[in-house]
Amino acid sequence: MRLRRVFASAVLALTCVAAQESPQPAADTDDAPPSSGGDAYLVQSVRTAGERIAAIVRLERAPIVAAVRADEAARDAEAQSIAQRLLPSTHASARGRAWRDLGFGSGTEPMDLVFAIVRDLPGMTLDASRVRLLVDPQRLLPDAGRGDPDTDPDAAILLATGVAPDEPLAGHYLAHAFLDGPGVEVAVTTDALLARQALAEGSANLAAFVLLFDGVGLESEVLSGALRPEEVMGGHLVPGTMRSASPVVSHLLEFVYLDGFAQAATLARKGGFARLTQERRTRRTTRDVLHLDRPPAPPDEIPEPALPASLALSPVDRDSLGEQGVISLVSLLTGKDNLGLITGDGWVADALWRFEPGPGSTTKAGEGATIWVTNWKTEEDAADFSYGLERCLQARFPGESLAGDPPRGGQVLRRPDRVYRIERTGVKVVFRVLTPGIDSKIAPDLKKKGPAPQHTPAPK
């Protein structure tokens, strides 16, 4: 109970600051959003929440968002349509095979992650145009869900603030509609998706918290580091899949919803939503989101690896896991969070390529190549990443070890179905996962370049 009071006090402090800085929305009632099958209470509730969110995020006038009733099947169908545009099924399948080669799940995780992010919070969904809010028939009902304040602390908060039960949830989605801009309509890399959504979800939940506690009038306090969106409103400000999905998806969703909220709050304390909006435009990688003390890094392009033409292998997907992807991979496989953080720090760029047989290929059907090219800030950072990969392989295949491969350079672990190679040159590390037949025909980048520089990482 003490933690809840500290938690609420910290949020209220942010609320007081935001309320003092935010202008009141224009009282314009001439262009209410069309109901498109919604009911009058629903339309008015969303309109009212929209006006308050517009004030919180410092918009002079709330854009129009239509509210319509839609059951779970309809909302899921809309989310699935959006997810397919972000990650078409052919890319999702190939990306899943690449992730599986890395030990990063069973193969369904790339699409599971995209769908979970698009689906967002339970009970509502924004459509692809971001001008319609699809609302469950049991949400935003008159006098519903108040609860007993003697037994339900969240109900006590709702009664004290005068906010209806589902208004913070609606505020979350309206903040998305107002702040995120048009939806992305092309395939995205994992790193870009995680970075964009971390600050987007953080901004949306920050606005929802201010809406929830606005007007209480407590003195401002320093925002507590213990503030977490899943601790209020019965956990409805985070997706249920964050708790029920596979370990890989859950870990990445925690970055989006929990770390994203913490980083958004940090930026807002330095300059309100104006600063937060500005930073969202420039922090496009998870490295930029994780390290707010560092200026955004310029893009570093990685060319496509060259493969023997005789293999007729074509690139079917190009992903980037980014610093957070590295952290999640190493943390989950080794069970050591600190090792994951050390391994990921110093990331500059990466490209995860999946190659598969094309027309005229002599490669057997079903075979392919996963090649992960990474660039690092220093040679020590590259060595730490190489060590992290070694630890991942040791965790995946207990009792098996990597060996040096003097003729080709780097280290190799051979298994009946896959050959795993770690090749390091300076600040570049390449991780190859190949079938034995393909491995025998691919000359690695380190050939004729000598052995990789030796480095013994500090104990993890």
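Footprinting exposure proxy ranking of TRP372, TRP347, fewest other C-beta atoms within 10 angstrom first, gives TRP372, TRP347. Whole Å is fine, so just give me how far the alpha carbon centre of the stretch 398-414 lies from that of the stretch 278-351. The stretch 398-414 and the stretch 278-351 have Cα centres spaced 24 Å from each other. Exposure proxy for TRP353, TRP99: other Cβ atoms within 10 Å of each Cβ, ordered fewest to most, give TRP353, TRP99.
Using a Förster radius of 51 Å, what is the FRET efficiency between GLU60 and SER440 based on their Cβ-Cβ separation? Nearest 0.05, please. For GLU60 and SER440, the calculated efficiency is 0.20. Applying 1/(1 + (r/R0)^6) with r as the Cβ-Cβ distance of ARG243 and GLN44 and R0 = 30 angstrom yields a FRET efficiency of 0.35.
Any idea what the dipole of the stretch 309-439 comes to, in debye rounded to 20, about its Cα centre with Lys/Arg Cβ at +1 and Asp/Glu Cβ at -1?
Details: 15 positive and 18 negative charges, 80 e Å.
In debye, rounded to 20, the stretch 309-439 gives about 380.
Test of understanding: what is the full-extension gain from GLN278 to GLU380, defined as 0.36 nm times their sequence separation minus their Cα-Cα distance?
Working: separation 102, 0.36 × 102 = 36.72 nm, distance 3.30 nm.
33.4 nm is the gain from fully extending GLN278 to GLU380.
Protection proxy ranking, highest mean first, for peptides 408-416, 378-386: 378-386, 408-416, where packing is the per-residue count of other beta-carbon atoms within 10 Å, averaged. Diffusion coefficient of the stretch 309-439 by Stokes-Einstein, Kirkwood radius over Cα pairs, 10 °C, 1.306 mPa s: 103 µm²/s.
What the Cβ-Cβ distance of ALA403 and GLN80 gives, at R0 = 51 Å and to the nearest 0.05, is a FRET efficiency of 0.65.
Any read-out appearing in this document is the output of simple, stated calculations on the displayed coordinates, not a laboratory observation. Just so you know, these numbers come straight off a predicted model, no measurement behind them. For neighbour counting, all protein chains shown are included, and Cβ atoms are generated from backbone atoms with ideal geometry for every residue, glycine included.
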